[in-house]
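Working notes, beginning with the structure itself.
Just so you know, all these numbers are worked out from the coordinates, no wet-lab data involved. Quick caveat, the model's predicted, so the values are computed rather than measured. Ideal geometry is used to build each Cβ from the backbone, glycine not excepted, and the neighbour counts take in all protein chains shown.
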Amino acid sequence: MLLVVAPFVIDPFQILTLTYGLIAAIGALGFNLLLGYTGLLSFGHSAFFGAGAYTVAFLVKYLKVASMELFLAGSVLVSAILSLLFGYVCVRYTRIFFGILTLALSQVLWSLAFKLFWVTGGTDGLRVPTPTILGAAAIDDKMEFLAHRYYYYVLAAFAICVLLMWVIVHSPFGKALQAIRDNETRAEFIGIRIRRYRLIAFVISGIFTGVAGALWAPLNGLVSPEVLVWTFSGEIVFMTVLGGFRTFVGPIVGAVAFTYLKTYAVGFTVYWQLLLGTVLVVLVLALPTGIMGTVNLVAGKMKTPS
Amino acid sequence: MGVYVIHILNALLYSSVLFLIAGGLSLIYGVMRILNLAHGNLYALGAFVTAWAIGTALEAGAPTAVLLLLLPAGAVAAGAAGGVIERTLLRPFYKRPEEYQLLMTFGLLMILEDLIRLIWGPNPLSATTVYATLGSISIGGDRYPAYNLVIIAVGILAALFLWAFIYRTRFGVFLRATSQDKRMASALGVNVDRIYIQAFTLGCFMAGLGGAIVVPSQSAVLGMGVDALVLAFIVVVIGGLGSLEGALAGALIVGVVREAGITFFPEAELAVLYLIAALVLLARPAGLFGRA
């Protein structure tokens, strides 16, 4: 509820940061379907985020499309095809090989975006103007648009995604994924077709992250190969672990927290990587269950006083 | 004719440096089952330390021979850093899921990247004096920098030494035993803790050596570590993670493809490499020399 009144209470800069955070949350939510629920650590989710963002940029540049709904539809399609392709190769493996393979494949896209500059603009990237929302033309004041109308748009998309993901992980399909995560052999024994389930999870995960990329493109205004570099995949992993990948809300909390952390760290010092890296190291050493895991732990302890 | 020789030498040049980086990565994974994402940064550390050492010695007016002797400084620094990292940061993770080890090394990657920036600043550091003093030789009428031959020689020597080390010494037997079955090795009296720190230090030393020998021919720049890591990944994926023969074969393949790529298909050079890696994984999941 607080999120709905936010634009009237806090200043536009905060709203933009919050919007970035919500978008990252959608991506992390998708990512966590693989890590938290299926037990697969992908180090290549930047591929789907980038695919979503570049789909928007290409639609603007080559097809002169300006409608946000078409952007979203396009990126769902593209990221679904891409994740089907990648997933087909990757789900044959688990653990470290899965991680390396997703990383390698995502870097194919990065190197293409980087080198094919006559299509992608190379490191200069492609500009994305403010889109029309639900058929209504963009208003002139970009800041005003992004901080109000676009914020609500992202918030609505976020709510839908959270709802969808909630339904998915609590469906029989979601339970099957968790069974695969916990014990592959047993899951196979009770008749779950492991590879197919993993592939479906991979595709759903890819689509969520692709949608996040599509929402991100107009907000950022520029799509460049940076969203495809594998260290960005690492940031998605970081967010999810920060929030706690064993809980449903963990990735959401982690993504918003990470976005604020990064925004302020970048503004505060050029050595923001040092700061964030230290946070990550301390986190995995001291609080491996993340923010939500720790909150649950503390809450549990308070309920049962010893 | 001379052109072809030069192409072959260039391919060997890439392969040598790549073997040093990927060999270290593979060694660490083979023994410890840790995929070190910060490995590229240790390579960068080696490059920066060597460039800094040579630059400092040059200001002090040291002769060329001293400069050449200073080359391994980066390798020693990277090895030492590796030893410290293993002891303090990796040790708590051996009994926890691999995901945490990956995250820890990712955190290390971010930290090392910025530590290098903090210490040496954002500008590239070069040690071209060494490169220039060695001059060039003539191959079929074309000039070729003599220093490149040094790099190739170091690469070949490193491969030979490593082979002798692992297959002909007592330490090598312990190393292979630990990599095959850690608990059994431990039960038979191998000090696994010590093997771990030695393996990690050796792996980091190799990466540092790669950086140290490459820095006179191309300056040390920020971000070189992350770039190198991705290439090293391709090498180990092709060759087989955990296998040194695989790292050698992978480095040769990637070296040749890169040299051919830069000449014939510069736009798709990297993409072709990734595609080769993906194809190898589809045909032989564990890589050319890997154990499943």
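Working from label points 7 Å from Cα in the Cα-to-Cβ sense, the B:Thr56 to A:Val266 distance is 3.5 nm.
Could you list A:Lys115, A:Lys262, A:Lys64 so that the one with the fewest beta carbons within 10 Å of its beta carbon is first and the one with the most is last? Could you put the intermediate results ahead of the total?
Values: A:Lys115 18, A:Lys262 21, A:Lys64 7.
Ascending Cβ contact count within 10 Å gives the list A:Lys64, A:Lys115, A:Lys262.
The GNM of chain B, with springs linking C-alpha atoms under 10 angstrom apart, assigns the highest mean-square fluctuation among B:Leu13, B:Leu282, B:Leu125 to B:Leu282. The Cα atoms of region A:48-181 give a gyration tensor whose axes a ≥ b ≥ c have a/c of 1.5 or more with a/b no greater than b/c, which makes the shape oblate. Peptide B:271-278 shows a mean partner chain C-beta count of 5 within 10 Å per residue C-beta. Residues in region A:70-87 carry Karplus couplings, in order, of 5, 3, 5, 4, x, 6, 4, 4, 5, 5, 5, 4, 4, 6, 5, 5, 5, x Hz; the curve used is 6.51 cos²θ - 1.76 cosθ + 1.60 with θ = phi - 60°, and Gly or Pro positions show x. For chain B, the membrane-span-like helix rule (DSSP H, alpha carbon extent of at least 27 Å along the helix axis, mean Kyte-Doolittle at least -1.0) picks out B:2-32, B:39-59, B:98-120, B:146-168, B:192-214, B:244-264; this says nothing about an actual membrane. Peptide B:89-98 has a mean shielding of 2, counted as Cβ atoms of other protein chains within 10 Å of each residue's Cβ. Largest mean-square fluctuation among A:Ile252, A:Ile192, A:Ile291, in a Gaussian network model of chain A whose springs join Cα atoms under 10 Å apart, belongs to A:Ile192.
Using Cβ contacts closer than 10 Å as the measure, can you line up B:Cys204, A:Cys161, A:Cys90 from fewest to most? Provide the component values of the computation, followed by the final result.
Values: B:Cys204 33, A:Cys161 22, A:Cys90 27.
Lowest to highest Cβ neighbour count: A:Cys161, A:Cys90, B:Cys204.
A dipole drawn for chain B from +1 and -1 charges on Cβ atoms has a positive end, and of B:Gln180, B:Leu125, B:Phe289 the residue lying farthest that way is B:Gln180. Pairs of Cα atoms nearer than 8 Å and 6+ residues apart set the relative contact order; for region A:2-229 it is 44 percent.
Over chain B, what is the relative contact order in percent, taking alpha-carbon pairs closer than 8 angstrom and at least six residues apart? Mind dumping the intermediate values first?
Working: 477 pairs, mean separation 106.8, N = 292.
Result for chain B is 37 percent.
Given the -39500 (n - 2.57) contribution per DSSP H run of 4+ residues, what per-residue ellipticity at 222 nm results for the protein assembly as shown, rounded to the nearest 500 deg cm²/dmol? Don't jump to the answer; show the numbers that get you there.
Numbers: 28 runs with 441 residues, N = 598.
Dividing the helical sum by the residues of the protein assembly as shown leaves -24500 deg cm²/dmol.
Build a GNM of chain A with springs between Cα atoms under 10 Å apart, and of A:Gly206, A:Gly39, A:Gly27 the one that fluctuates most is A:Gly39.
What is the average number of partner chain Cβ atoms found within 10 Å of a Cβ in B:75-82? Write out the running numbers ahead of the final one.
Numbers: counts 0, 0, 0, 0, 0, 0, 0, 0.
Rounded to a whole number, the mean comes out at 0.
Oblate is the label for region A:2-229, because a/c, from the alpha-carbon gyration tensor with a ≥ b ≥ c as root eigenvalues, is 1.5 or above and a/b does not exceed b/c.
Ranked for footprinting exposure by Cβ neighbours inside 10 Å, fewest first, A:Thr209, A:Thr102, A:Thr231 give A:Thr231, A:Thr102, A:Thr209.
Within a straight-line Cα-Cα reach of under 30 Å, A:Lys301 can be paired with the following lysines, leaving aside sequence neighbours fewer than 8 residues apart in one chain: A:Lys175, B:Lys95.
Charging the Cβ of each Asp and Glu at -1 and of each Lys and Arg at +1, and nothing else, the dipole of region A:2-229 about its Cα centre rounds to 840 debye.
Decide, for region A:179-306, between rounded, prolate and oblate: order the square roots of the alpha carbon gyration tensor eigenvalues as a ≥ b ≥ c, take rounded if a/c falls under 1.5, and otherwise choose prolate if a/b is larger than b/c, else oblate. Working shown, then result.
Working: a/c = 2.25, a/b = 1.15, b/c = 1.95.
Since a/c reaches 1.5 but b/c is at least a/b, the shape of region A:179-306 is classed as oblate.
Dipole size in debye (nearest 20) for region B:18-224 around its Cα centre, Lys and Arg Cβ +1, Asp and Glu Cβ -1? Write down the numbers at each step before the final one.
Details: 13 positive and 9 negative charges, 146 e Å.
That gives region B:18-224 a dipole magnitude of about 700 debye.
Remark: the protein assembly as shown carries a charge dipole of roughly 1780 debye about the Cα centre, counting +1 on each Lys and Arg Cβ and -1 on each Asp and Glu Cβ.
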